[in-house]
Amino acid sequence: MKVILAETAGFCFGVRRAVDTVYRQLAEHPGRKIYTYGPIIHNAEVIKDMEARGITVLQGEEELEQAGDGIVIIRSHGVPKRICDRLESLGIPYVDATCPYVKKIHRIAMEEDEKGHVLVIIGNASHPEVEGIKGWAGRESVVVSTAEEAAGLDLPEGGKVCIVAQTTYNYNKFKDLVEIISKKGYDIIVLNTICNATKERQEEAARIADRVDAMIVVGDRHSSNTQKLFEICNHACNNTYYIQTLGDLNVNQLRSVETVGITAGASTPNKIIEEVQNYVRINF
């Protein structure tokens, strides 16, 4: 069997930076309690390892006060501005591990709010990254994730509209939704804030899926960028399988195939990717 591993599979820059931040804080502050606001990344295996080393994950704003004895690390997806303000008011030191590409959207959100413009965020409204962006945009922001929502968008006439995207959003879907909104006659500015690494990962995954018999997508079930990868690969290859770890792989599904492609989300550790790759190469 031929196995093709995507070169872009695994940790992206922002995820690596956030994970390294946590382990660096542990090393620099032995004996000090370290918290993360929300899971630092969307990968259960990484979070388990951090918790085993003493990291506590704060699950929401109501738990902030319990972190007064330690240091809080802001997750890679970012948080609404009010969370940072709350930490400062409580006098709790924090380290911001928000992905720099997400921070860029926060700055755009604030600038557009100051100008009185409406911010349209193309992304998943329930994703923590999008929740964080809305929290920096003031009151004039709206989230769009489907063609129906884009078509039904009803904004004040005459005002300026700035369109941005969740960094891990599907690039082709972003273009489609922008086209729908553009036809509504608003005075719009479009800023493609999809991370270049995300776009490259999606394009490479599509190319591989188009020429293999089966495709394996490795990543956490809660990872937005991994979900997008699965959608893209599944469109190109009917035999596409979404797994979190090697233990999820159904070996019977690969018995009759000759070529297998493997890609992985931006929050998938190399160790898990290598386990899947080696197992498939040795056993098929």
Can you tell me which residue in the stretch 206-229 is nearest to Pro156 (Cα to Cα), limited to those that are open to solvent by less than 10 Å² (accessible area, probe 1.4 Å) and part of a helix (DSSP H, G or I)? Ser224
Mind listing just one residue for me: the one in the stretch 79-96 that is buried (at least 18 other Cβ atoms within 10 Å of the Cβ) and assigned to a helix (DSSP H, G or I) and, of those, farthest from the chain's Cα centre (by Cα)? Leu87
Which residue, of Ser182, Ser267, is among the polar types (S, T, N, Q) and in contact (Cβ under 8 Å) with a residue 40 or more places away in the chain? Ser267
Please work out if Ser76 is of a type outside the set (A, V, I, L, M), under 30 Å from Ile189 (Cα atoms), at pLDDT below 95 and crowded, with 20+ Cβ neighbours inside 10 Å. no
Looking only at residues in the stretch 243-266 that are modelled with pLDDT of 95 or more and among the polar types (S, T, N, Q), which one is farthest from Ile47 (Cα to Cα)? Thr259
Can you tell me which condition Phe174 does not meet? The list is (1) in contact (Cβ under 8 Å) with a residue 24 or more places away in the chain; (2) surrounded by 16 or more Cβ atoms within 10 Å (Cβ to Cβ); (3) touching a helix residue (DSSP H, G or I) at 6+ places or on another chain (Cβ under 8 Å), and all the others hold. (3)
Within the stretch 4-48, the residues that are among the small types (Gly, Ala, Ser), open to solvent by 60 Å² or more (accessible area, probe 1.4 Å), under 27 Å from Glu62 (Cα atoms) and modelled with pLDDT of 95 or more are none
Inspect the stretch 98-113 for any residue being more than 24 Å from the chain's Cα centre (by Cα) and assigned to a loop (DSSP other than H, G, I, E, B) and give the result as yes or no. no
Might you let me know whether the stretch 97-110 holds any residue that is crowded, with 20+ Cβ neighbours inside 10 Å, over 14 Å from Thr193 (Cβ atoms) and either at pLDDT 95 or above or out of contact with any helix residue (DSSP H, G or I) (no Cβ under 7 Å at 6 or more places or on another chain) (or both)? yes
Out of Glu131, Glu203, Glu179, Glu148, which single residue is assigned to a helix (DSSP H, G or I), open to solvent by 40 Å² or more (accessible area, probe 1.4 Å), within 30 Å of Thr259 (Cα to Cα) and among the acidic types (Asp, Glu)? Glu203
Which count do you get for residues in the stretch 219-254 that are over 21 Å from Ile194 (Cα atoms), under 22 Å from the mean Cα position of the chain (by Cα) and in contact (Cβ under 8 Å) with a residue 40 or more places away in the chain? 2
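The values are calculated or read from the model by the stated rules, or taken from the named source; none is laboratory data. Small disclaimer: the values here were computed from a predicted structure and weren't measured. Cβ coordinates were reconstructed from backbone atoms using ideal geometry, including for glycine residues, and neighbour counts include every protein chain displayed. Note: areas computed on protein heavy atoms with side chains; ligands, DNA, RNA excluded. Shrake-Rupley method; radii C 1.70, N 1.55, O 1.52, S 1.80 Å.
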